[in-house]
Structures are given as structure tokens and as C-alpha cells.
Amino acid sequence: MRRAALAAAFPILLAASGCKEGAARESAACEGVPQLAPAGRVTDAADLLDPATEARLTDRLARYEQATRHAMVVVTTASLNGARVDNFATCLGNRWGVGDRDRDDGILILIAPYERKMRITTGDGMEKILSDDKAQEIVQQMTPYFKQGDPAGGLLEGIEAIAAQTGEMR
């Protein structure tokens with residue numbers, strides 16, 4: 001993958017960035033990004049989602065991958081540990097190998113609720129169908145849900161918008 005109690009709005013921080021998969025290729029931009037272990041399609045390290053919501057999101061992401069062959073994951077983190085949100089998202093996606101290595105088509109949605117930051121990052125292979133501008137629009141669609149304290153609604157909105165943009169036929 002190459003260069004994705006909430007009452008306040010998330011600053012809109014969005015663009016593609018990146019490292020290449022594997023620790024040997026990590027750049028200095030990955031400094032401070034913890035070695036967070038993936039817990040599946042949804043990694044809720046900030047403990048933001050209840051188990052039923054995690055299960056619903058996991059099921060939706062699995063159906064998306066089955067329909068499109070593109071992998072999408074959701075990550076929440078309690079802290080960015082001083083790292084920039086774009087570096088954090090990109091480095092996690094690269095470490096975890098989100099998406100097909102040859103197609104470089106992974107998508108990662110990162111939520112840092114306590115720092116009020118959100119990012120959608122994609123592999124280079126997705127940039128033609130999910131551009132930075134379109135990802136920015138999706139973040140804007142998600143933001144009102146987070147303002148209202150509904151992270152599940154915001155994530156579902158984002159996943160559905162990404163699915164529609166990347167060609168999932170429903």
C-alpha cells in the first residue's frame with residue numbers, strides 16, 4: 001500500500017502518502033507509529049465501537065472485498081503518539097499489507113477520536129478510482145455523524161460511499 005464521546009468535528013486531513021510494505025522499507029515518516037496488531041477488518045484500539053457494531057462493520061467490509069477484490073479496513077486509535085495522521089495511516093496500511101500487493105489497492109480508514117483526526121488512505125492502485133478529492137468528500141460526508149456522537153453511522157456512511165465510488169455493484 002502506498003501513499004486512509006465524539007462531539008467535535010474532525011479536521012479534514014486527507015491525501016495519499018506512503019511507505020512500502022515491510023519494516024525494512026519504512027521511512028522516517030513512520031517514526032512514532034506504534035506496532036499496532038491488526039484485529040481483522042476492524043481494529044478498534046480506541047474502544048470506540050461496541051461488539052455488535054464491530055461485527056456489522058466487519059461483515060460489510062467482507063462483503064465489499066468479496067464483491068470488488070479490494071481490501072478495506074477500519075482502525076481506531078487512542079493516540080497518534082505524536083505521529084502525523086497521514087503517516088500513521090499509511091504506515092499501518094503498509095505494515096499490515098492491506099490490499100493486493102501487485103494491485104496496491106488497499107484502503108484504510110483511520111479514526112483518532114481523542115485527537116479529532118480522521119484519514120482515508122489508499123494504495124496507489126486505488127488512486128484513479130478513489131482520488132484524494134473524492135476521499136476528501138467522503139470524509140466530509142462522515143463528519144456530521146461524528147459531530148453527533150455516532151461513530152458507527154459515520155463509518156458506515158464512509159464505507160458505503162467508498163464502495164459506491166470504487167465500483168461495488170449492489
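The values are calculated or read from the model by the stated rules, or taken from the named source; none is laboratory data. Please read all numbers here as calculations on a predicted model, not as lab measurements. Note: ideal-geometry Cβ built from the backbone for every residue, glycine included; neighbour counts use all protein chains shown. The protein model used for the area step is the full one, side chains on, heavy atoms only, and it has no ligands, DNA or RNA in it. Shrake-Rupley method; radii C 1.70, N 1.55, O 1.52, S 1.80 Å.
Brief remarks on what is shown
- Any hit, the stretch 92-99, residues being part of a helix (DSSP H, G or I), within 11 Å of the chain's Cα centre (by Cα), among the hydrophobic types (A, V, I, L, M, F, W, C) and more than 17 Å from Thr43 (Cα to Cα): no
- The residue of the stretch 35-69 that is most open to solvent (accessible area, probe 1.4 Å), among those that are polar (S, T, N, Q) and under 26 Å from Gly149 (Cβ atoms), is Thr58.
- All of Gln140, Gln148 fail the test of being open to solvent by 40 Å² or more (accessible area, probe 1.4 Å) and modelled with pLDDT under 95, apart from Gln140.
- Residues located in the stretch 66-82, provided they are under 24 Å from Asp105 (Cβ atoms) and of a type in the set (A, V, I, L, M, F, W, C): Ala67, Ala71, Met72, Val73, Val74, Val75
- Sole residue being modelled with pLDDT of 95 or more and either aromatic (Phe, Trp, Tyr) or buried (at least 19 other Cβ atoms within 10 Å of the Cβ) (or both), chosen from Gly153, Gly158: Gly158
- Scanning the stretch 60-73 turns up at least one residue that is in a loop (DSSP other than H, G, I, E, B), at pLDDT 90 or above and out of contact with any Asp or Glu (no Cβ under 6 Å at 6 or more places or on another chain).
- Residue check for Lys128: of a type in the set (Lys, Arg) and within 14 Å of the chain's Cα centre (by Cα): no
- Members of the stretch 100-118 found to be under 16 Å from Gly167 (Cβ atoms) and either part of a helix (DSSP H, G or I) or open to solvent by 60 Å² or more (accessible area, probe 1.4 Å) (or both), listed by number: Arg103
- Tally of residues being within 18 Å of Arg41 (Cβ to Cβ) and either assigned to a helix (DSSP H, G or I) or open to solvent by 60 Å² or more (accessible area, probe 1.4 Å) (or both) across the stretch 119-137: 1
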